[in-house]
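Below is one structure; the comments refer to it alone.
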Amino acid sequence: MTMLDKIEKYLNEIENFQSHDPEEVENFRIKYLGRKGLLNELFEEFKTIPKEEKPEVGKKINELKTRAREKVNELKAAATSTSGRQIDDVTRPGYPEAIGSKHPISLTRQEIITIFTRLGYTISEGPEIEDDWHVFSALNFPDEHPARDMQDTFFITRDPDVLLRTHTSSVQVRVMENEQPPIRTISPGRVFRNEAISARAHCIFHQVEGLYIDKNVSFADLKQTLIYFAKEMFGTETQIRLRPSFFPFTEPSAEMDISCTLCGGKGCKICKYTGFLEILGCGMVDPNVLKASNIDPDVYTGFAFGMGIERIAQLKFNVNDLRLYFENDLRFLEQFKAKI
Ligand code: DAH
């Protein structure tokens, strides 16, 4: 048989070969394209034929090789796609659709948003890549404040003025720069801190910031708003406790605890026998912060608060390792299917 005849024969074989079985397809590939396959055999034989035959035969061998490769790819694609799946039993039940579920952080964020929009709050967003002004300076952080330290903040270029926001309080500043009171807004978003990852800390997490500015806004308004939020989020039995605290951007400042979601305030392992769990920081917006964004502190007052979404989700769903939120392990995520 001449080489051209052989090539013709192989081309026919390739055209006629059919299989959905991955193993058969692999054997087919090895037969033609493997190291000791028919094509390499042809290339060896090609070396021995007279020079004048080479152009035509060479062209044909290359055609054969291309065709063999194409065929293998077609067969492989068909073997893995469902359309190529062999139907051996038409009464067999169908393949179940894999249905996704919402991430617990999304569920919690949505619930927080729903509660505050009921109180007339709008939603505002700001950039994750920020500058020093919006994250620190406009929020009354002194120059030497430790939160500006390299240990907490991710700087992403050599320019110290380009950084990842460490809290969503930066969005407050952006809102105040662009709007005059009355302002009533919440800002959910991702924040970044240079922390070693452990069960209790992560370098990426989520916060919701709240801001309310108008004439005659008082600490009593803040307290009522937070009581409403706590009862909506954790149940009508929930009690709150405000402890004096410090934040550069609020004066006075407080931290809010809720009565323990497990023992209801009696004292248990979850609340470390205190009866309370800390959930957010808050306070009256410092006049310096209003001034920095061109809002007149003699006319307007306001309150702000900020909470971690992971913390709220942890209490709602009893998840005690922060890393679970970011690993995307289906065994974890599938447990939230019923919550949609
Ligand atoms: N930005 C604070 C943090 O990341 C949280 C916070 C506390 C926000 C008090 C506020 C506030 O608006 O008033 O820890």
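The values are calculated or read from the model by the stated rules, or taken from the named source; none is laboratory data. Given the structure is predicted, the values throughout are model-derived calculations rather than measurements. Note that we place each Cβ from the backbone using ideal geometry, even for glycine, and neighbour counts take in every protein chain shown. All accessible areas refer to the heavy atoms of the entire protein, side chains included, with ligands and DNA or RNA removed. Shrake-Rupley method; radii C 1.70, N 1.55, O 1.52, S 1.80 Å.
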Checklist entry - Can you give the accessible area of Glu177 in Å² (nearest 10), computed on protein heavy atoms with a 1.4 Å probe? => result 80 Å²
Next on the checklist: Between Ala77, Ala196, Ala313, where does the largest GNM mean-square fluctuation fall for the chain, given springs only between Cα atoms within less than 10 Å?
Outcome noted: Ala77
Checklist entry - Using a 4.7 Å Cβ cut-off, which Cys residues in the chain lack a partner cysteine? => result Cys203, Cys282
Item to check | Spin-label pair Cys203/Lys51, simplified geometry with 7 Å Cα→Cβ offset, distance in nm | outcome: 6.5 nm
Next on the checklist: Heavy atoms only, 1.4 Å probe, whole protein assembly: order Ser124, Ser198 by accessible area, highest first.
Outcome noted: Ser198, Ser124
Checklist entry - With each label point set 7 Å from Cα along the Cα-Cβ vector, what nm distance links Glu26 and Asp88? => result 1.8 nm
Next on the checklist: For a test of the definition: using alpha carbon positions, the gyration tensor, and the 1.5 limit on a/c, classify the stretch 190-248 as rounded, prolate or oblate.
Outcome noted: prolate
Checklist outcome for this item: Sorted by chain and number, the residues with a modelled amide H under 5 Å from that of Gly275, at a separation of 5 or more or across chains, are Gly267, Cys268
Checklist entry - Counting other Cβ atoms within 10 Å, which GluC sites (Glu not before Pro) in the stretch 209-238 have at most 10 and lie in a DSSP loop? => result Glu237
Next on the checklist: Please compute the length gained on full extension between Arg331 and Ala77, using 0.36 nm multiplied by the number of residues separating them and subtracting their Cα-Cα distance.
Outcome noted: 88.5 nm
Checklist entry - Placing +1 at every Lys and Arg Cβ and -1 at every Asp and Glu Cβ, with all other atoms neutral, what dipole size does the stretch 1-116 have around its Cα centre, in debye to the nearest 20? => result 460 debye
Next on the checklist: Between the stretch 165-240 and the stretch 116-164, how far is it from one alpha carbon centroid to the other, in angstrom?
Outcome noted: 14 Å
Checklist outcome for this item: With R₀ set to 56 angstrom, the calculated FRET efficiency between the beta-carbons of Asn294 and Asp5, to the nearest 0.05, is 0.05
Item to check | Segment Val319-His103, extension gain: residue separation times 0.36 nm, minus the distance between their alpha carbons | outcome: 76.5 nm
Item to check | Rg and Dmax of the stretch 181-316, Cα atoms only, in Å | outcome: 15.9, 47
Checklist entry - Accessible area, 1.4 Å probe, largest first: how do Phe154, Phe249 sort? => result Phe154, Phe249
Checklist entry - Which value, in Å² and to the nearest 10, is the accessible area of Asp257 when all protein chains are kept and the probe is 1.4 Å? => result 0 Å²
Checklist entry - Which distance in Å, rounded to a whole number, links the C-alpha centroids of the stretch 278-340 and the stretch 244-275? => result 15 Å
Checklist entry - When the Debye formula is applied to the Cα atoms of the chain, each taken as the same point scatterer, what base-10 log of I(q)/I(0) results at q = 0.13, 0.14 Å⁻¹? => result -0.98, -1.11
Checklist entry - Summing -39500 (n - 2.57) over the DSSP H runs of n ≥ 4 in the chain and dividing by its residue number, what mean residue ellipticity at 222 nm do you reach, to the nearest 500 deg cm²/dmol? => result -11500 deg cm²/dmol
Checklist entry - Roughly what would the spin-label model give for Glu144 and Leu119, points 7 Å off Cα along C-beta, in nm? => result 3.7 nm
Next on the checklist: As a test question: what accessible area, to the nearest 10 Å², does Thr2 have when a 1.4 Å probe is rolled over all protein chains in place?
Outcome noted: 80 Å²
Item to check | Gain on full stretching of the segment that runs from Glu195 to Tyr273 - 0.36 nm per residue minus C-alpha separation | outcome: 25.3 nm
Checklist entry - What are the lysines whose alpha-carbon lies under 20 Å from the alpha-carbon of Lys291, with same-chain residues fewer than 8 places away excluded? => result Lys215
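Over 25 Å between Cα atoms: which of Lys54/Lys76; Lys102/Lys223; Lys6/Lys54; Lys102/Lys269 fall into that group?
Values: Lys54/Lys76 33 Å; Lys102/Lys223 31 Å; Lys6/Lys54 15 Å; Lys102/Lys269 29 Å.
Lys54/Lys76; Lys102/Lys223; Lys102/Lys269, as the Cα separations exceed 25 Å there.
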Item to check | By accessible area with a 1.4 Å probe, ligands and nucleic acids excluded, highest first: order of Leu119, Leu277 | outcome: Leu119, Leu277
Checklist entry - Given a 1.4 Å probe and every protein chain left where it sits, what share in percent of the accessible area of the chain is carbon and sulfur? => result 51 percent
Checklist entry - Among Gln224, Gln314, Gln18, which one moves the most in a GNM of the chain with springs linking Cα atoms closer than 10 Å? => result Gln18
